[in-house]
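Structure, as structure tokens:
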Amino acid sequence: MGIALAGDDVATRGPVRRALDLLYLGAGYAAGVFLVAIFAIMMIMSVGRQFAINIPAGDDFASWCMAAMAFLGLAHTFKRGEMIRVGLLLERLQGRTKQIAEIVALGIATAFILYFTRHAIQMTYDSWRFNDVAQGVVALPLWIPQLGFAGGLAILSIALIDEMVNVIGGNRPSYEKGSPDETPDEFIERISQGGGG
């Protein structure tokens with residue numbers, strides 16, 4: 001279980017690799033829990049109308065769960081190669097040129113995500129420091145739902161740095177699917193079967 005890197009033997013993985021893989025997997029499971037929570041809230045609100053059952057601030061809770069689900073799922077989705085990437089240029093490169101281009105792309109992505117992560121963490125900290133509360137029916141401290149947003153971005157930052165170190169080390173990116181010598185027909189077949197790109 002977990003995410004194996006290319007050329008990575010499960011028995012020889014160190015504790016840091018196992019911890020990182022568990023972090024990404026745990027964030028993915030947390031995103032799944034928030035997805036189930038959204039479903040439960042929406043169903044209770046829909047069916048509950050027939051029986052005069054109401055969840056106070058149900059729409060607020062559903063939207064907070066949606067934000068947490070979206071951001072907590074990013075790192076796991078990225079490491080599994082399921083995140084949408086525009087690799088038109090990278091797919092045409094080979095060897096050392098491709099490795100350098102991957103490192104540059106990962107560096108740019110990491111810089112942007114670190115920038116957003118810093119501001120998300122600052123916003124969450126400021127909400128806690130100033131005791132900001134939600135404006136809805138339930139006066140929930142805002143830093144609580146903001147934790148999913150900031151935490152998801154922080155875990156994605158770790159995943160990007162992890163991947164950059166992996167590629168700098170000469171390994172194939174873990175998010176890359178298919179073999180390097182895959183033909184276009186094999187690529188189309190894999191995509192049509194839901195194999196990701």
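The values are calculated or read from the model by the stated rules, or taken from the named source; none is laboratory data. Remember, predicted model here, so these are calculated numbers, not experimental data. Don't worry about glycine lacking a Cβ; one is built from the backbone with ideal geometry, like all the others, and counts go over all protein chains shown. In case anyone asks, the SASA skips ligands and DNA or RNA and just uses the protein heavy atoms, side chains included. Shrake-Rupley method; radii C 1.70, N 1.55, O 1.52, S 1.80 Å.
Odds and ends about this structure:
- Pairing residues of the stretch 28-57 that are farther than 15 Å from A68 by Cα with residues that are open to solvent by 90 Å² or more (accessible area, probe 1.4 Å) and charged (D, E, K, R), at Cβ distances under 9 Å and at least 6 apart in sequence or on separate chains, gives M45/D59.
- Residues located in the stretch 68-84, provided they are touching a helix residue (DSSP H, G or I) at 6+ places or on another chain (Cβ under 6 Å) and either under 15 Å from Y175 (Cα atoms) or open to solvent by 80 Å² or more (accessible area, probe 1.4 Å) (or both): G73, L74, A75, H76, F78, K79, M83
- Filter result for I168 (open to solvent by 70 Å² or more (accessible area, probe 1.4 Å) and touching a residue at least 60 places away in the same chain (Cβ under 8 Å)): yes
- Scope the stretch 125-144; condition buried (at least 19 other Cβ atoms within 10 Å of the Cβ) and at pLDDT 95 or above; matching residues: S127, W143
- Flag if G87 is of a type outside the set (V, I, T), open to solvent by less than 50 Å² (accessible area, probe 1.4 Å) and part of a loop (DSSP other than H, G, I, E, B): yes
- Qualifying positions in the stretch 28-59 - of a type outside the set (A, V, I, L, M), within 18 Å of L147 (Cβ to Cβ) and open to solvent by less than 100 Å² (accessible area, probe 1.4 Å): G28, G32, F34
- The stretch 108-138, residues that are farther than 18 Å from A154 by Cβ and within 19 Å of the chain's Cα centre (by Cα): I108
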